[in-house]
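Structure, as structure tokens:
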Amino acid sequence: MPLGGSARLSPDAGTDTAIVFVHGFKGHHLKTWGKLPEMACADESQFWRKADLYFLGYEVERLHVDSSAHKLSEYVSSIFPEPPASMFERSLDQYDWTRTLLPRLSVARIRPGPYSYSKLFLVGHSLGGLIIRRFIADKLQLFAANPQIDPDTPVRLATIRLFAPAHLGFSPSGWTGVAFHVSQELWIGRILEAAMYRYRAYSHLRPNSHAVTEVRQITEHLASLYPSIGPLSAHLLWGDEEQVVESGRYACDLATNEHYEPQKSHKDICKPTSFYKLPLNFIELGVPFV
Amino acid sequence: MFPLSEETDVLKLLHFDEAYLTPVRQRFRKARTNRARAFALGELLEAYFWLALGVEIGYYGESSTKLLAAARFVELLSESTEFFGTYGFLFAPDFELRIQTAKNQKQVLQKAEDYTFVNPTRFHSWFQRALGLEIESLHDRPLTALFATLAFLAPTEIEALLSVDRRTRHNEFSTYLSGPRLTNTFGISMSHLESFAVLDRDISSHSDENPEDSFFFRARIRQLTRWRLNLRSQTVKHFYQIIGDRFFGSRIEGLGLSIDSFRDSLTNLLNEWGLTHESSLAAR
């Protein structure tokens with residue numbers, strides 16, 4: 001994998017979509033999403049069958065949004081629209097234990113090439129949402145000096161789906177013992193969520209902090225310059241029991257593209273189960289169709 | 001769809017080789033003490049049985065897997081007698097028997113013979129998830145250091161580590177290890193345990209089709225993963241709880257959860273997933 005993280009690559013020859021998942025503060029590139037990777041891979045619908053899933057792995061201990069956005073930029077550039085062929089095929093003459101397979105089997109491939117994507121989805125949770133918005137703003141701001149010309153960047157093709165994003169800042173509040181009165185299945189999640197409150201680093205990303213307000217201002221300004229560019233407007237999914245980040249949307253996000261799901265908390269909102277398939281539908285179709 | 005079976009098989013094994021065997025073999029080669037070497041050998045043993053289980057359920061093809069196994073487990077097989085003599089108590093009892101059988105019969109891979117799965121294909125995604133969790137944990141240096149420290153250091157050495165507030169070099173399992181770092185890693189270890197508990201629940205809740213298949217598959221996964229945090233060991237149990245209390249004190253206290261409730265819930269989690277291999281077949 002380029003730059004760390006992991007991927008679930010589809011064997012379907014018609015694969016045309018790259019979905020990049022960006023986890024949040026103290027999150028984990030796979031565990032953040034619960035069963036989403038395996039449910040998505042098992043889903044036989046056209047959308048999921050023809051999608052490669054990329055889970056960005058990055059260190060967020062110090063909450064440097066700019067550097068994380070830069071890392072996301074490098075990551076996306078390395079896979080979209082042309083991912084490296086080496087991700088999909090291996091020449092078997094370079095490994096000691098596969099040489100006996102030669103010449104009958106000289107290359108092992110996940111699917112036949114060429115490998116390219118026409119669609120890009122950026123999916124973020126919590127801090128990952130803010131990082132995605134910073135990344136989009138950085139990419140499009142380069143063109144803002146000459147707004148008459150459409151930005152020539154592959155990122156303009158992106159579709160943005162954000163679960164409980166920290167795009168308005170972290171605002172941990174309302175944590176009480178009642179929050180721990182949950183099933184054993186949710187208990188560890190609540191414990192770890194509570195432990196996160198103790199990180200002083202949150203103060204850098206309070207609602208009125210520079211890092212948070214700047215992303216919003218730039219994004220809204222760019223959206224006024226480029227109203228037809230999709231990735232400046234996000235679809236947002238929140239849990240009704242949100243207690244970690246400030247909920248709400250940017251001026252460029254449509255009210256119809258925002259949804260609050262009952263009985264879901266900050267950590268649960270993006271984790272599908274056999275009874276809660278909303279995350280998969282949300283990624284594929286956006287809010288109006290869920 | 002593109003016909004891929006052998007290619008897919010080789011790619012999956014290449015991934016296993018790179019993600020699991022390569023770092024573990026590096027740890028083995030770099031080990032400077034007997035304990036560090038033994039821990040890495042334990043990880044190699046676990047890797048051997050992941051491949052065996054993968055073949056057993058048809059996730060890996062047998063012929064390709066034998067090629068990989070023949071190239072990677074020379075040290076494990078040659079040092080296994082001495083290893084089991086000292087650390088055999090950490091592992092499922094049939095591991096030693098199967099390794100010995102493989103050596104006696106000059107087989108590369110020894111599958112379990114106590115049960116044959118009726119419909120093993122349905123376990124592939126769970127196998128992949130469990131293996132992914134385990135690979136994650138062995139790439140996590142602090143977590144690996146916590147497990148190795150609890151399993152291989154003497155109680156006095158662990159006490160000494162816990163009393164150190166700053167970084168120290170006193171431990172062969174980590175360049176820098178200290179009490180606060182062990183405490184920080186406790187949260188990761190809880191998350192790791194819970195991931196396996198959730199997996200176990202998921203498999204259990206889909207066991208209507210063939211309960212015996214499900215039962216044996218869950219037992220196999222437990223055998224593979226529980227040695228790293230072996231709560232049958234009194235040292236591990238004792239210090240894991242002490243570190244848990246410290247984690248509570250530094251991260252949870254004051255948020256409305258009492259330490260008794262924390263301990264009770266942690267005990268529930270450990271009882272659910274933290275049982276050792278010996279009790280795994282009898283559990284539920």
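Just a few scattered comments:
- Once the stretch A:82-92 is narrowed to residues that are surrounded by 19 or more Cβ atoms within 10 Å (Cβ to Cβ) and out of contact with any helix residue (DSSP H, G or I) (no Cβ under 8 Å at 6 or more places or on another chain), the residue that is farthest from the other protein chains (Cβ to nearest Cβ) is A:PRO83.
- Only one of the numbered conditions (1) under 23 Å from B:LEU21 (Cβ atoms); (2) assigned to a helix (DSSP H, G or I); (3) at pLDDT below 95 is violated by A:MET1, and that is (2).
- Listing of helices (runs of 4 or more DSSP H) fully contained in the stretch B:176-261 that carry 2 or more residues being among the charged types (D, E, K, R) and within 11 Å of chain A (Cβ to nearest Cβ): B:179-205
- Taking the listed residues A:ILE110, A:ILE79, the one that is in contact with a Pro (Cβ under 7 Å, 6 or more places away or on another chain), farther than 30 Å from A:VAL244 by Cα, facing chain B (nearest Cβ under 9 Å) and in contact (Cβ under 8 Å) with a residue 12 or more places away in the chain is A:ILE110, with no other qualifying.
- Of all residues in the stretch B:18-39, those satisfying the criterion of being part of a helix (DSSP H, G or I) and either charged (D, E, K, R) or farther than 15 Å from B:ILE135 by Cβ (or both) are B:GLU18, B:ARG25, B:ARG27, B:PHE28, B:ARG29, B:LYS30, B:ASN34, B:ARG35, B:ALA36, B:ARG37, B:ALA38, B:PHE39.
- Within the option set B:ALA160, B:ALA130, B:ALA102, being among the hydrophobic types (A, V, I, L, M, F, W, C), surrounded by fewer than 18 Cβ atoms within 10 Å (Cβ to Cβ) and part of a helix (DSSP H, G or I) holds for one residue only, B:ALA160.
- Options B:GLY179, B:GLY244, B:GLY187: the member that is of a type outside the set (A, V, I, L, M, F, W, C) and farther than 27 Å from B:ALA92 by Cα: B:GLY179
- Qualifying position, being buried (at least 20 other Cβ atoms within 10 Å of the Cβ), within 25 Å of B:GLU6 (Cβ to Cβ), charged (D, E, K, R) and over 13 Å from the mean Cα position of the chain (by Cα), among A:ARG104, A:ARG111: A:ARG111
- Residue match in the stretch B:115-124 (condition: among the hydrophobic types (A, V, I, L, M, F, W, C), over 18 Å from the mean Cα position of the chain (by Cα) and either surrounded by fewer than 21 Cβ atoms within 10 Å (Cβ to Cβ) or not in a helix (DSSP H, G or I) (or both)): yes
- Residue within the stretch B:195-211 that is surrounded by 20 or more Cβ atoms within 10 Å (Cβ to Cβ), without any contact (Cβ under 8 Å) to a residue 60 or more places away in the chain, within 23 Å of B:ASP140 (Cβ to Cβ) and not aliphatic (A, V, I, L, M) present: no
- Residue that is at pLDDT 95 or above and outside any helix (DSSP H, G or I), where the choices are A:GLY129, A:GLY124, A:GLY113: A:GLY124
- Residue within the stretch B:3-21 that is over 20 Å from B:SER63 (Cα atoms) and within 11 Å of chain A (Cβ to nearest Cβ) present: yes
- Of all residues in the stretch A:46-69, those being without any contact (Cβ under 8 Å) to a residue 40 or more places away in the chain and more than 14 Å from every other protein chain (Cβ to nearest Cβ) number 2.
- Selection within the stretch A:1-21 - more than 8 Å from chain B (Cβ to nearest Cβ) and farther than 18 Å from A:TYR75 by Cα: A:SER10, A:GLY14, A:THR15
- Output for the stretch A:22-45, where each listed residue is touching a residue at least 12 places away in the same chain (Cβ under 8 Å), within 8 Å of chain B (Cβ to nearest Cβ) and basic (Lys, Arg): A:LYS35
- Filtered residues of the stretch A:222-241 (kept if of a type in the set (S, T, N, Q) and either part of a strand (DSSP E or B) or under 16 Å from the mean Cα position of the chain (by Cα) (or both)): A:SER233
- Residues being part of a loop (DSSP other than H, G, I, E, B), free of Cβ contacts under 8 Å to residues at least 40 places away in the same chain, under 30 Å from B:ASN268 (Cβ atoms) and aromatic (Phe, Trp, Tyr) are represented in the stretch A:267-284 by at least one member.
The values are calculated or read from the model by the stated rules, or taken from the named source; none is laboratory data. Just so we're clear, the structure is a prediction, and the values are computed from it rather than from any experiment. So basically every Cβ, Gly included, is an ideal-geometry build from the backbone, and we count neighbours across all protein chains shown.
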